[in-house]
Structure formats: structure tokens, C-alpha cells
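Below: the structure, in C-alpha cells.
What follows draws every value from the coordinates through simple rules; no lab data is involved. These figures come from a predicted structure and were not determined experimentally. Because the Cβ atoms are built from the backbone with ideal geometry, glycine has one as well, and the counts that use them run over all protein chains shown.
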Amino acid sequence: MKRRDFLRRPAVLGATAFAGARLVPSLLAEPTATASAIPAPTPASLPDIAVAEGADTYAATLRAVELAGGIGRFVKPGAKVGLLINAPNWWRKPGSFTSPDVTLAVLQLCLDAGAAEITYVIDPASDYWSRTPLGAQYPKLTAAGRRNPGDWAEIDIPRGVSLKQAKVNRVALDCDVLINLPIAKHHAGSGYTGCLKNFMGACHRSTNQFFHNGGGAKGEYEDIVFLSQCIADVNLVRRPDLTVCDGTEFLLTNGPAGPGELGHAHKVVAGTDPVAVDAYGCTFLGLTAEKVAMIGMAAAHGLGQPDLAKLAVREVKL
């Protein structure tokens with residue numbers, strides 16, 4: 001299978017493409033079924049954002065994580081892993097939830113790396129695995145994740161601007177490795193939702209209610225500035241060790257729940273900087289980071305780099 005690797009340092013922040021792309025030799029070997037045998041690239045070769053594009057979402061996920069440094073960079077033998085997946089029971093329409101193929105690939109990688117325990121920060125929908133043919137093919141993977149025990153902790157956020165305290169799931173706090181598995185999609189309030197907003201999935205319902213009306217708003221999306229600031233603030237609690245964002249099929253309208261118009265980029269995006277990954281992810285919707293308030297607010301907290309022109313983006317087409 002032919003593949004093109006691009007190391008991109010864009011000169012202009014664009015909606016769907018970047019300027020200044022140049023062809024470079026591939027630094028990595030061809031992917032295997034699980035990519036576990038591929039040596040990780042040296043730190044100097046690691047991109048800020050790794051993107052794999054292809055019709056096979058499972059394979060694209062393996063490749064994106066490989067480009068980001070390999071799962072061994074994040075998960076060590078015996079590690080306890082927390083998975084924050086955007087696929088709870090209330091997201092059922094196409095383009096509203098993280099593809100189960102993305103999650104299955106990450107589960108496989110974690111097992112290959114020797115994770116001792118994999119626990120969901122929020123349990124996926126009861127029919128989640130039946131939404132892909134791979135669910136029946138890989139019963140070991142669908143059984144690998146442990147259900148969330150439902151323990152919570154009140155956390156102070158001294159640097160928070162609008163959010164000074166949050167009730168957060170203990171799995172997200174106590175795991176050795178936190179892997180964020182969001183989907184990039186439209187949001188009726190914030191315009192875009194992805195990595196940063198997905199951390200709301202680690203929060204108790206009472207905290208999330210405060211996000212929407214703690215500033216005095218009567219409606220869910222009446223005060224987007226307050227909501228966006230709370231999202232930026234809660235990301236101070238813990239930065240995920242790895243983010244793998246689903247940009248394969250996603251809502252362009254009527255998000256976050258749908259149904260709505262669907263977009264198809266067939267891309268999986270991986271990185272350690274949730275701000276950077278969101279800056280890239282929002283381009284799927286024709287947006288720039290400047291148009292998404294929570295991205296700028298999170299950057300102001302020092303949580304990441306939103307300027308794609310300052311980031312190294314490695315893209316692979318499967």
C-alpha cells in the first residue's frame with residue numbers, strides 16, 4: 001500500500017489545508033496489525049500533531065499513535081490507564097460519538113504495551129461495540145475496559161477564572177495514564193467540541209450544570225463565554241497524557257447530539273497538546289482556533305499552542 005508522509009509547518013491558518021507542505025522521507029516502518037513492534041521515533045523527530053487519513057479507521061488510529069511516538073511513549077508495563085471516550089448513552093446519532101474503531105485500536109495498543117488495567121472514565125453506550133463489525137471480531141478488546149466505579153472527588157482549581165472547584169471522576173485523577181478519545185464535531189453553543197470540551201465527561205453532572213448556568217444564564221447556551229471559560233478552567237485539573245481525536249465522520253450541524261449534516265475527513269489526529277489538536281480539529285468544520293473561545297482561553301492558561309503556523313504537523317495517507 002502506498003503512503004505519503006508530510007511534515008507540515010503551515011504558514012497560514014487555513015480551514016482545510018496548510019501552506020508550506022514539503023515532502024520528507026518516512027521515519028517509520030510500515031504498520032503491523034498492532035504497531036507494537038515498530039520502534040518509536042527519536043524525540044527530535046516527533047511532530048506536535050500526528051494525523052493519519054484512510055478509510056480503515058482502526059488502521060488509521062494505529063498509525064496516528066505510532067507517528068505521535070508510539071504507545072510505549074505513554075503506557076508502560078503495569079500502568080493503569082483511564083480512557084475518556086465521547087460515546088455515552090446519550091450520543092447515538094451518526095457523527096455524534098467517537099468511532100468504536102478508534103477505541104478498539106487504542107485498547108489494543110494499551111494491551112500490547114502491557115497495561116495492567118484499563119478503566120473507562122465514563123462508560124460507553126450499551127450498544128457501542130455493535131456499531132462496528134469489528135466489535136464481534138475482537139471480543140477480547142471489547143471486554144478489556146473496566147466499567148467506571150462511580151467515585152468522585154471535589155477538586156480545587158486555584159487558577160480557574162470562572163470555575164474554582166469541580167467534582168471529577170477519580171479514574172481521571174488517579175490513573176497512571178489518561179487517554180482522551182474525543183470526536184471533533186459541531187456544537188450548538190460553543191460552535192465546536194473536541195478535546196478540551198470532552199473533559200466535561202470526567203465531571204459530575206452537578207459541575208457540568210454549573211458550566212451552563214453558573215454565570216446566571218437561564219438557558220444552556222445563553223452564556224457561551226462563561227461556558228467556554230469553565231471548559232478551559234477544568235482542563236487545569238489534569239492534562240491528558242495522550243489525545244486521539246476522531247475526525248473520520250462528524251456532525252457539521254445540529255451538534256452535539258444530531259441528527260445533522262455529516263462531514264467526512266477520514267482522519268485520526270493524535271498528540272499530547274489538546275489545544276493544538278483542537279486547533280487542528282476545528283478546521284474540519286471550516287473554523288479557526290480564533291473563532292472557538294475555549295481554545296484561546298485554554299491557551300491563555302498555558303495548556304497548549306493554538307497557532308497551527310507554529311506547530312509541526314505530520315500527515316500520513318494510508
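Some points to look at:
- Within the chain, DSSP assigns beta bridges of which about 60% are antiparallel (rounded to the nearest 5).
- Per-residue HN-Hα couplings for the stretch 168-185 [Karplus 6.51, -1.76, 1.60; θ = phi - 60°; Hz; x = Gly/Pro]: 10, 5, 5, 4, 5, 8, 9, 5, 6, 10, 9, 10, 8, 10, x, 10, 7, 7
- Descending Cα extents along the principal axes, the chain, whole Å: 55, 44, 37
- Solvent-free Debye scattering, log10 I(q)/I(0), computed from the Cα coordinates of the stretch 189-318 at q = 0.09, 0.15, 0.17 Å⁻¹: -0.25, -0.71, -0.91
- Charge-dipole axis of the stretch 85-225 as Lys and Arg at +1 and Asp and Glu at -1 on Cβ define it, positive-most pick from 192, 162, 177: 192
- Formal net charge of residues neighbouring residue 281 (Cβ-Cβ distance under 10 Å; K, R +1; D, E -1): 0
- Residue among 277, 60, 88 farthest towards the positive dipole end of the chain, charges placed on Cβ: 60
- For residue 245, the shell of other residues with beta-carbons less than 9 Å away shows a net charge of -1, using +1 for Lys and Arg and -1 for Asp and Glu.
- Helix-derived mean residue ellipticity, 222 nm - over the chain, DSSP H n ≥ 4, -39500 (n - 2.57), to 500: -6500 deg cm²/dmol
- For the chain, the longest site-free run once GluC sites (Glu not before Pro) in DSSP loop states with at most 16 other Cβ atoms within 10 Å are removed: 1-219
- Using only side-chain charges placed at the Cβ, +1 for Lys and Arg and -1 for Asp and Glu, the dipole size of the stretch 94-218 relative to its Cα centre rounds to 460 debye.
- Residue 300 versus residue 266: modelled label distance in nm, points set 7 Å from Cα along the beta carbon direction: 4.0
- Put a plus charge on the Cβ of each Lys and Arg, a minus charge on the Cβ of each Asp and Glu, and nothing anywhere else: the dipole of the chain about its Cα centre is then about 280 debye.
- q = 0.14, 0.26 Å⁻¹, the stretch 112-201: log10 I(q)/I(0) [Debye, one scatterer per Cα]: -0.69, -1.39
- Radius 11 Å from Cβ of residue 209, net charge of other residues (Lys, Arg +1; Asp, Glu -1): +1
- Where chymotrypsin sites (Phe, Trp or Tyr not before Pro) in DSSP loops with at most 12 other Cβ within 10 Å are excluded, longest remaining stretch of the chain: 91-220
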